[in-house]
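Working notes for the structure below.
The values are calculated or read from the model by the stated rules, or taken from the named source; none is laboratory data. Just so it is clear, the structure is predicted and the values come from calculations on it, not from any experiment. In this analysis, Cβ positions are derived from the backbone assuming ideal geometry, glycine residues included, and neighbour counts consider all displayed protein chains. For accessibility, only protein heavy atoms count, side chains too; no ligands or nucleic acids. Shrake-Rupley method; radii C 1.70, N 1.55, O 1.52, S 1.80 Å.
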Amino acid sequence: MLHSLTSRIVFVGSIVSVNLVCLSGLLLSASNSMIASFEWNTHRQKITEVVSETLSDLREAQAEERGYLLTTNPSFAKDFDDRVASALSKVNMLEQLVQDNPVQHERAQSLQIATNERIDTLTKQIALARQGRFDEARSRVVIGQGRVDMAIIAQKADEIRQTEQELLITREATAKAHVSWNRKLVIGGCLIIVLLVNGLLYIVLNGMRRSVSQIVRAMSDFGNGNRTVRVDDKMGCTEFDMLAQGYNTMAERLDAAMQAQEASDQKLLKANTELKRNNEAMELLGEMAHRLQAARTSDELSAIICAFVPRVLPGIPGALYTHNHTTNQLERIAQWGAPSVGCEGLHPSSC
């Protein structure tokens, strides 16, 4: 498994890719969570704003109604209609906004009912005033029921706003905790990726460095004359195993070729030496023959023989005999190489 360098590189790349995908997923999840939390907070803030605006519109409508009843100025009645329409729109919007929360939805419906009842009361009083029955409308206001109704409406609105505020605080705390956890997870993930990648790269590069070092050292030793050095072809990596096998094969062939070359050089040197020696011997023989032709006595002949024969046949002792016809004996007239070779004379039959 992972015996080849290619598979190791692919493995490291796969590990890095998987970790990057996981880290990207974490970042995307954190981003989506933050967006969802932001949208949720915006939604809750919108609910709080709508509740406040509804309560404000009701109070403004009540103030416009009081102004109309006290001054009989028709402009107050017109502003009253605008405030009532706005309050009804806001309370209906509130009922739609809190549908995701059953408790708040029930409270919004209760607030909607109370708001409609209060608006209905105010509308009836305005209707009386528009008919010119201001005193009758004022007498209804004096009863003080409107203050009680507004207090109930304000209480219901405060319950909704308080609950939304508590939900916001809880959600913000949860979001902060989630962000803190994601931050730690991202930092830890990055550190793990860095350590893992560096560890894997160290293992791969260390194996490569060791294998390359062995091959380079073997090649250097071979180049320095150690033709017996070889590389272990089981380096733990397919590519370097092949490289080692190739080097060993090359070294074997080079060693065989160099041995053959050395043998050929030895033969050539020996042949050259023999040829040189033969040439020198031929020259000596030629010179010796020339001098022998000029020799007139046995002593001259003996001197020439002793001077040239040891040079022509180095390391070989010998002697020269001549035949004495008078005594029918072979007499030694010269010798070379050893202190004494043969005897002074011998019969021809003993030769």
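Side notes on the structure shown:
- The residues on offer are LEU97, LEU111, and the sole one that is touching a Leu at 6+ places or on another chain (Cβ under 8 Å) and under 27 Å from THR42 (Cα atoms) is LEU111.
- Residues of region 228-246 that turn out to be in contact with a helix residue (DSSP H, G or I) (Cβ under 6 Å, 6 or more places away or on another chain) and modelled with pLDDT under 75, as a count: 5
- Put simply, of MET258, MET250, MET219, MET282 the only residue that is at pLDDT 75 or above and touching a helix residue (DSSP H, G or I) at 6+ places or on another chain (Cβ under 8 Å) is MET219.
- Pick from region 40-63, criterion of a type in the set (D, E, K, R) and open to solvent by 30 Å² or more (accessible area, probe 1.4 Å), ranking: nearest to the chain's Cα centre (by Cα): LYS46
- Criterion applied to PHE80, PHE38 was being of a type in the set (Phe, Trp, Tyr), part of a helix (DSSP H, G or I) and touching an Asp or Glu at 6+ places or on another chain (Cβ under 6 Å), and the one residue passing it is PHE80.
- Failed condition for ALA260, given (1) within 60 Å of the chain's Cα centre (by Cα); (2) under 20 Å from TRP336 (Cα atoms): (2)
- Among the residues of region 53-88, those that are in contact (Cβ under 8 Å) with a residue 24 or more places away in the chain and among the β-branched types (Val, Ile, Thr) comprise THR54, THR72, VAL84.
- Of all residues making up region 84-122, the number that are polar (S, T, N, Q), in a loop (DSSP other than H, G, I, E, B) and open to solvent by less than 60 Å² (accessible area, probe 1.4 Å): 1
- Pairs meeting the criteria (first residue in region 274-298 and under 24 Å from LEU330 (Cα atoms), second residue open to solvent by less than 60 Å² (accessible area, probe 1.4 Å) and of a type in the set (Ser, Thr, Tyr), beta carbons under 7 Å, at least 6 apart or on different chains) are SER298/THR322.
- Of all residues making up region 123-139, the number that are surrounded by 15 or more Cβ atoms within 10 Å (Cβ to Cβ) and either of a type in the set (Lys, Arg) or in contact with a Lys or Arg (Cβ under 8 Å, 6 or more places away or on another chain) (or both): 3
- Per the listing ARG183, ARG147, the residue uniquely under 26 Å from ASN41 (Cβ atoms) and either touching a residue at least 24 places away in the same chain (Cβ under 8 Å) or loosely packed, with under 12 Cβ neighbours inside 10 Å (or both) is ARG183.
Results for (1) of a type outside the set (Ser, Thr, Tyr); (2) farther than 26 Å from GLU274 by Cα; (3) open to solvent by 70 Å² or more (accessible area, probe 1.4 Å), shown as yes or no for each residue.
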position: ASP299; (1), (2), (3): yes, yes, yes
position: CYS306; (1), (2), (3): yes, no, no
position: ALA319; (1), (2), (3): yes, no, no
position: HIS325; (1), (2), (3): yes, yes, yes
position: GLN329; (1), (2), (3): yes, yes, no
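- Every pair of residues 6+ apart whose Cβ atoms lie under 6 Å, when the first sits in region 11-25 and is farther than 17 Å from ARG183 by Cα while the second is modelled with pLDDT under 80: PHE11/LEU2; VAL12/LEU200; VAL16/VAL197
Matching residues to (1) open to solvent by 70 Å² or more (accessible area, probe 1.4 Å); (2) in a helix (DSSP H, G or I):
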position: GLY225; (1), (2): no, no
position: ASP232; (1), (2): yes, no
position: GLY246; (1), (2): no, yes
position: GLN261; (1), (2): yes, yes
position: LEU269; (1), (2): yes, yes
position: GLU274; (1), (2): yes, yes
